[in-house]
Amino acid sequence: MSKEHPHDHIIPFKSSEKGKKEQVAEMFDKIAGNYDKMNRFLSARIDIRWRLKAIKMLKSDNPQQILDIATGTADLALMACKILRPTRIIGIDISEGMLDLGRKKIEKEGLTNKIELHAGDSEAIKFAENTFDAVMVAFGVRNFENLENGLTEMKRVLKPGGRLVVLEFSKPRHKLVKGFYGLYMGILAPQVARLFKQDKEAYQYLNESAKAFPDRHSFTDILNKIGFSETGYKPLSFGICCIYSGKKPL
């Protein structure tokens, strides 16, 4: 049985009786309209560079069949399609609101023949084992109801030798950066969200789940436990986030 981790139990709406999965879907449906704009504003567009670095980790593998977990509005899928030029990218997400926006972006870019988006649970992926050359996920694993279940599913659908790349927030180690980051995520981001008429609770949840997430060596230890090989991580922007990677053994 998969071990539970503290962040698995952090939920967006503490007064709700719904499970984490249902709450996360509801939260993203509510903020979908301004999600991309808020991301760019709150990160000063640094999140684009983070995604680019994550995608470039897959370049040497030349993956042709890619699964984008928690695809949201398809930012990562669109960027990967242009850079990696695979045969096909499948994106799955539990939020129909986010998927609707993602499909419009894909159509606008003329990439409907390359990228497909589907409603799907990342902890019960509806594809056969050994289907994909690569699996990628940006800022999504924090939202899993059970992290290890989700990672186990990713390994299952990867082909032997296929690579997993995960981009996720982490906790900065430098004292000054850590202090500013805590202030920004805990106070400023939720207040800015409210000014944009966004859901303040969503950005409070972002902070709480990021703080509780097992980052750096703790996360690679989980990947190793599940059976990934060649695991590692790379901190970005003073440790605000990390890129993690691992391979399904041959």
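Which one of these is touching a Phe, Trp or Tyr at 6+ places or on another chain (Cβ under 8 Å) and modelled with pLDDT under 95: MET38, MET1?
Numbers: MET1 fails: touching a Phe, Trp or Tyr at 6+ places or on another chain (Cβ under 8 Å).
Within the list MET38, MET1, the selection yields MET38.
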Quiz prompt | Hits in segment 11-38 (condition: touching a residue at least 24 places away in the same chain (Cβ under 8 Å), surrounded by fewer than 20 Cβ atoms within 10 Å (Cβ to Cβ) and either touching a strand residue (DSSP E or B) at 6+ places or on another chain (Cβ under 8 Å) or not in a helix (DSSP H, G or I) (or both)) | solution = PHE13, GLY19
Quiz prompt | Flag if ASP100 is surrounded by fewer than 21 Cβ atoms within 10 Å (Cβ to Cβ), touching a residue at least 40 places away in the same chain (Cβ under 8 Å) and either part of a loop (DSSP other than H, G, I, E, B) or hydroxyl-bearing (Ser, Thr, Tyr) (or both) | solution = no
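If you go through segment 76-89 one residue at a time, do you hit one that is within 26 Å of GLY161 (Cβ to Cβ), in contact (Cβ under 8 Å) with a residue 60 or more places away in the chain and either more than 16 Å from the chain's Cα centre (by Cα) or not in a loop (DSSP other than H, G, I, E, B) (or both)?
Step one: list which residues in segment 76-89 are within 26 Å of GLY161 (Cβ to Cβ), which gives 76-89.
Applying the additional criterion that residues be in contact (Cβ under 8 Å) with a residue 60 or more places away in the chain yields 76.
Next, only the ones that are either more than 16 Å from the chain's Cα centre (by Cα) or not in a loop (DSSP other than H, G, I, E, B) (or both) stay: 76.
The answer is yes; a qualifying residue exists.
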Exercise. Would you please name the residue that is surrounded by the most Cβ atoms within 10 Å (Cβ to Cβ), looking only at residues in segment 215-250 that are acidic (Asp, Glu) and within 23 Å of ASP8 (Cβ to Cβ)?
Key: ASP215
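Restricting to segment 117-154, name every residue that is among the charged types (D, E, K, R), buried (at least 17 other Cβ atoms within 10 Å of the Cβ), within 25 Å of THR87 (Cβ to Cβ) and over 14 Å from the mean Cα position of the chain (by Cα). Explain how you work it out, then say what you get.
From segment 117-154, those among the charged types (D, E, K, R) are 121, 123, 126, 129, 133, 142, 145, 148, 153; that's our starting set.
Cutting the leftovers down to buried (at least 17 other Cβ atoms within 10 Å of the Cβ) gives us 121, 123, 133, 142, 145, 148, 153.
Within this subset, residues satisfying the condition of being within 25 Å of THR87 (Cβ to Cβ) are 121, 133, 153.
Once the filter is applied, which keeps residues that are among the charged types (D, E, K, R), buried (at least 17 other Cβ atoms within 10 Å of the Cβ), within 25 Å of THR87 (Cβ to Cβ) and over 14 Å from the mean Cα position of the chain (by Cα), segment 117-154 yields ASP133, GLU153.
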Quiz item: Out of segment 218-250, which residues are in contact with a Leu (Cβ under 7 Å, 6 or more places away or on another chain) and among the β-branched types (Val, Ile, Thr)?
Solution: ILE222, ILE226, THR231, ILE243
Practice problem: Starting from residues that are touching a strand residue (DSSP E or B) at 6+ places or on another chain (Cβ under 9 Å) and of a type in the set (Phe, Trp, Tyr), keep the ones in segment 112-167 and report whichever is modelled with the lowest pLDDT. | Solution: PHE139
Exercise. Determine whether segment 193-210 contains at least one residue that is at pLDDT 80 or above, outside any strand (DSSP E or B) and basic (Lys, Arg).
Key: no
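The values are calculated or read from the model by the stated rules, or taken from the named source; none is laboratory data. Just so it is clear, the structure is predicted and the values come from calculations on it, not from any experiment. Positions of Cβ are backbone-derived with ideal geometry, glycine not excepted, and every protein chain shown enters the neighbour counts.
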